[in-house]
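> The structure under discussion is supplied below as structure tokens; questions concerning it will follow.
Just so it is clear, none of the values below were taken in a lab; they were calculated from the coordinates. This one's a predicted model, so the numbers in the text were calculated from it and none came from an experiment. Backbone-built Cβ (ideal geometry, glycine too); neighbour counts: all protein chains shown.
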2 protein chains.
Amino acid sequence: MDRILIRNGLIRTIKVHPLDNVAIPVENAPGGSEFAGGLRCREDIPQGHKVSLTNLKKGDAVIRYGVSLGKLRQDAPAGTHIGEHILELPKAPGLDELPWGNSITVSLPKAPVTVFDGYEVPGNFFAGTRNILGIMSSVQCVAGVLNVAVEKIKTELLPKYPAVDDVVAINHAYGCGVAINTRDAAIPIRTLKNLLHNPNFGGELMVVALGCEMLTLDMLLRPEENISENVIVLQNQQGFHGMIDAILGMAEGKLQKLNRRKRVSLPLERLCIGLQCGGSDAFSGITANPAAGYASDLLVGAGGTAIFSEVTEVRDGAAFLSARCIDRETSQKLARELGWYDAYLEQGGTDRSANPSPGNKQGGLVNIMEKAMGSIAKSGNAPIVEVLAPGETPAKRGLIFAATPAGDFLCGPLQLAGGITLQVFMTGRGTPYGLAPAPVIKVSSRTALKNIWQDLIDIDAGTIAAGEETIEETGLRLFNMIIETASGRHKPWAEVYRLCNDLAIFDPTAAT
Amino acid sequence: MDRILIRNGLIRTIKVHPLDNVAIPVENAPGGSEFAGGLRCREDIPQGHKVSLTNLKKGDAVIRYGVSLGKLRQDAPAGTHIGEHILELPKAPGLDELPWGNSITVSLPKAPVTVFDGYEVPGNFFAGTRNILGIMSSVQCVAGVLNVAVEKIKTELLPKYPAVDDVVAINHAYGCGVAINTRDAAIPIRTLKNLLHNPNFGGELMVVALGCEMLTLDMLLRPEENISENVIVLQNQQGFHGMIDAILGMAEGKLQKLNRRKRVSLPLERLCIGLQCGGSDAFSGITANPAAGYASDLLVGAGGTAIFSEVTEVRDGAAFLSARCIDRETSQKLARELGWYDAYLEQGGTDRSANPSPGNKQGGLVNIMEKAMGSIAKSGNAPIVEVLAPGETPAKRGLIFAATPAGDFLCGPLQLAGGITLQVFMTGRGTPYGLAPAPVIKVSSRTALKNIWQDLIDIDAGTIAAGEETIEETGLRLFNMIIETASGRHKPWAEVYRLCNDLAIFDPTAAT
């Protein structure tokens, strides 16, 4: 990404691409402020919002990131605030005949290290970064009992097994009262199945079932896993106390096994991380996301895997992603998954314009096209080797696109199902988001956020907008924190405080 | 409901209605067993499953509860097991021109008491049965922080306020990443808004927001409620410690106010309970549900309110419900809500036949028609005075139908949004279900369940099948437990152990 800083004595602005006819001020620009080149601000322009750099006419395209964000509904002489109301959202680009393979970056930056200290999981494509006992409920009905049991396990058992990091109840609102046989039920079912097999659970499977639910155990477990050593059916237990005893008994056996595990030095090809952004602003796309993209390139260049997601936030940049797909099959799957999501939204009486949120808009993002270009920046420059449907796991290593909803609490569990063992989370407005099964590193797009949330933001990328660091420097800092965190030598803030969102499961089917 | 017991020395069967051509054995009937009247069991018939009482031919209707469960796909001579595979599900009855007002029961049984000890809530239609501080997250992003804060409140503050029963985090997976402006978004939004106003929270409102979410505070709160005394916005706090301090500070103020509240004797018209069943079997419709229906009639007869729900479980009995509606408007709303649900299911590529669950079927329920007739029994005989769309609150008192999904964890929160302060939950297969904001009384349909779940089942209605109690006797026992529980003199098991499901919010819209 080209980055041109226009400086003057008063207010700095950032223009992302040479073709851009707008820039964003890095602080609030009151009407009348002067910009470089003699341009004067015609009205108040909030931090991160867009100002026109030339005299634009009604019908002209507003260009940012070198692409059109839409056409103007009215004239906008140089120095005008380009707000949502004067811009027309372009149509979503077509998905037929997407290009592929014509924008493949073969040379990625070289990572300073090529190994991390992780936990081997026999038979798993990826290794763990944490050693956690995960206990899944097969249906929400058992969540109450499981929560009580997990509290007891944490208090009474976990202290005896110091090599185990945590015990996590994998509760969810799926499992019954659903149309289990409809085609799209495959999505929540494989999500739960793959979530249970996340490498951070070390291959020790434990499921608490009710006994009469629609999601039967053979849907969650392979035949060789669906055995009494892994499964407790509450309807077969002697009352509440029998249930608690059964769960604690099985948990103790699993904890004993997990406690014997040791970290070993592993090549980075065994590491799979997720990239996600939430509460974005106009800086996300020029600071935090490109820094994360650079860290991702370092990881992928060293053989590792990075998964990025959020369909509605890349939809308008479909052609850019497709051009980075390594083969026709991958670009076709991309088109298929984006098309599925278009249809899903249409059936729900909506479309991609329902994203962005009011907070995104306050932060200066006028529409989903602008948000998309900023969002895609988190994927760096590596080629896209695979596209996953929601809840699927990778069959390849490298940069992977998982076609998930953009909502943080749906995207996170889907990335966990995809096998990530660590997540990097970029935020502009700020969210205290966290995931129980994996550490989450939070990156702020603005230094103002880091200043107010000192003890929640792990890395500040606002330094890039301030001109204090380059994207590459911040990206390298982030990469190093990824390795330290993955290796268990560093805990991000969300892990320190045990902040975690519910594992909300993406279920596009109807509730019965 | 007519109930005819056919006894013989070996195996007892129950026939519900004089017109029925099937009955169900109260225990497993091995092939060859003899029934009263010389009928011999032609094959093994599991407990609760149906046996043909006469020689039925292919195409004959199988009659139970006096209605057709569907037509036979093959001959079924007397003594045949009438399983799912030999029965054709009838079409869902039409919703045009439903009858109304032609089956109004004016004389309800007389309750032994007409008052309970509850908590007044100024301006609220109903009174509370518990004194709970409820803290709602406006979006899932803040759930991690809120959960940590609530743990601290429970440990550090709650013991200082002994008149307060509990502190509950009202977390949910709604709030962002959604199409907030689509028509059906009204459902989750009003559900959350009304949930926050549940009488058990005593009118002390407290919302923890992020600051950039789609569900803005003005959607959750009335203007006079949307004030700094009730709302904490995390993006405005100084980091994690600032957030925790702010939440604990506001919580302490609310706890002080709640701690001054006292129970007072109130007429039963101030009590609103919910009726729900889950994990049903063939006995649910002849023991637990009719007993609950009798208790509901006692309550409604004394001026109280009972809400029953679960659209797919009453859909096939639409005409029976409609005939009990007190006016044309109510029956039309019933038709509209059932029609909305038909369309919602169709759009999801499914229909009402996706219910029942495998456990229901193992328990002897062949199809949704049979499940519906058993499910409706929980509504007793009172006239239906109002029909609620999902998440709405009543404007009337009496027996009310809330058109919710049948899944327990979606139905419960919708009934709580409707204002229930206590729930009666009937179960055949058994579920340890519970709700944090209200006590849940669990009623078993079979004594075998009570025997294995001594410390989870509050009332056993299996005594009815065993001939030890009448429906009215069990119903009266249940009514008395409702009054004792509502008055704070009794805690059901789920409350004792603090078993509670997540408050899963019914959201028929698409995730973006």
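> Between beta-carbons, use under 15 Å as the cut-off and find the net charge around residue A:488, counting Lys and Arg +1, Asp and Glu -1.
Values: positive: A:130, A:261, A:262, A:263, A:270, A:489, A:491; negative: A:117, A:120, A:165, A:166, A:484, A:495.
Cβ neighbours under 15 Å give a net charge of +1.
> Just to confirm the numbers: residue B:498, label point 7 angstrom along the Cα-Cβ line, distances to the other copies in nm, shortest first?
1.3
> What percent does the relative contact order of chain A come to when contacts are Cα pairs within less than 8 Å and at least six residues apart? Could you put the intermediate results ahead of the total?
Details: 1240 pairs, mean separation 92.6, N = 512.
RCO, chain A: 18 percent.
> For label points placed 7 Å from Cα toward Cβ, what is the shortest-first list of nm distances from residue A:77 to its copies?
Sorted ascending, the copy-to-copy spacings read 9.9 nm.
> What number comes out for the charge environment of residue B:49, summing +1 per Lys or Arg and -1 per Asp or Glu over other residues with Cβ under 15 Å away?
Working: positive: B:12, B:15, B:42, B:50, B:64, B:361, B:371, B:429, B:446; negative: B:20, B:27, B:43, B:44, B:84, B:281, B:370.
The answer is +2.
> Shortest first and in nm with one decimal, please list how far the residue A:245 label point sits from its counterparts in the other copies (point 7 Å along Cα→Cβ).
Copy-to-copy label distances for residue A:245: 4.9 nm.
> Moving to a separate point now. Show the residues, 5+ positions off or on another chain, whose built amide H is closer than 5 Å to the amide H of residue B:274.
B:307, B:421, B:422, B:423, B:424
> Using a Debye calculation, one point per C-alpha and no hydration shell, please list log10 I(q)/I(0) for the range A:31-145 at q = 0.11, 0.23 Å⁻¹ in order.
-0.76, -1.30
> Efficiency by 1/(1 + (r/R0)^6): what FRET value for residue B:229 and residue A:73, r their Cβ-Cβ distance, R0 = 35 Å, to the nearest 0.05?
0.25
> Please report the Cα spread of the range A:4-88 along all three principal axes, rounded to whole Å, starting with the longest.
33, 23, 19
> Ok, one more. For residue B:80, list long-range residues whose amide hydrogen, built 1.01 Å from N in the peptide plane, is under 5 Å from its own amide hydrogen.
B:42, B:52
> Another question, if that's okay. Taking residue A:361 as the anchor, which lysines have their alpha carbon closer than 16 Å to its alpha carbon, excluding any fewer than eight residues away along the same chain?
Leaving aside lysines fewer than 8 places away in the same chain, those within reach of residue A:361 are A:50, A:371.
> Once amide H atoms are built 1.01 Å from N in the peptide plane, which residues 5 or more positions from residue A:174, or in another chain, come under 5 Å H to H?
Excluding prolines and chain starts, which carry no amide H, the hits are A:140.
> Continuing with this model, one more query. Could you tally the net charge around residue A:222, taking each other residue with its Cβ under 15 Å from the Cβ of residue A:222, Lys/Arg +1 and Asp/Glu -1?
On the way: positive: A:190, A:193; negative: A:204, A:218, A:224, A:225, A:229.
Net local charge, residue A:222 excluded: -3.
> Per 0.36 nm of contour for each residue apart, how much would the distance between residue B:58 and residue B:353 grow if the chain were fully extended, relative to their Cα-Cα spacing? Walk me through the numbers on the way to the answer.
Values: separation 295, 0.36 × 295 = 106.20 nm, distance 2.19 nm.
This chain segment gains 104.0 nm when fully extended.
> So, one more: Let me know the volume per residue of the alpha-carbon convex hull for the range A:265-496, in Å³.
Working: hull volume 25.1 nm³, N = 232.
It comes to 108 Å³ per residue, whole-number rounded.
> Same structure again: Go through the range B:386-393 residue by residue and turn each phi into a ³J(HN,Hα) via Karplus (6.51, -1.76, 1.60, θ = phi - 60°); whole Hz please, and just put x for glycine and proline.
Residue by residue, the range B:386-393 yields 7, 10, 10, 6, x, x, 6, 10 Hz.
> Kindly flag which residue pairs out of B:254/B:442; A:154/A:193; A:71/A:91 have an alpha-carbon separation exceeding 22 Å in this structure. List each step's numbers first, then the result.
Details: B:254/B:442 31 Å; A:154/A:193 24 Å; A:71/A:91 11 Å.
Too far apart for the 22 Å limit: B:254/B:442; A:154/A:193.
> How far is the Cα center of the range A:35-75 from the Cα center of the range B:305-360, in Å?
Each part's Cα centre sits 54 Å from the other's.
> Using a Förster distance of 30 angstrom, determine the FRET efficiency expected from the C-beta separation of residue B:84 and residue B:343, and round it to 0.05. Don't skip to the end; give the middle numbers.
Values: r = 27 Å, r/R0 = 0.88.
My answer for the efficiency is 0.70.
> Put a dot 7 Å past each Cα toward the Cβ at residue A:181 and residue A:218; how far apart are the dots in nm?
The answer from the label model is 1.4 nm.
> Can you give the % of DSSP beta bridges in the protein assembly as shown that are antiparallel, to the nearest 5?
Working: 48 of 116 bridges.
So the antiparallel bridges amount to about 40 percent of the total.
> Go through the range A:222-227 residue by residue and turn each phi into a ³J(HN,Hα) via Karplus (6.51, -1.76, 1.60, θ = phi - 60°); whole Hz please, and just put x for glycine and proline.
6, x, 6, 8, 7, 10
> Which FRET efficiency, nearest 0.05, do residue A:114 and residue B:238 yield, Cβ-Cβ r, R0 45 Å? Display every interim value, and only then the final one.
On the way: r = 40 Å, r/R0 = 0.89.
It comes out at approximately 0.65.
> Which ³J(HN,Hα) values, rounded to whole Hz and listed in residue order, are derived for the range B:342-356 from phi using the Karplus coefficients 6.51, -1.76 and 1.60 in 6.51 cos²θ - 1.76 cosθ + 1.60 with θ = phi - 60°, glycine and proline given as x?
So the J values, rounded to whole Hz, are 3, 5, 4, 5, 5, 4, x, x, 9, 8, 5, 6, 5, 9, x.
> Report the gain in length on full extension from residue A:470 to residue A:105: 0.36 nm times residue separation, minus Cα-Cα distance, nm rounded to one decimal. It would help to have the intermediate numbers written out before the result.
Values: separation 365, 0.36 × 365 = 131.40 nm, distance 2.04 nm.
Roughly 129.4 nm would be gained on extension.
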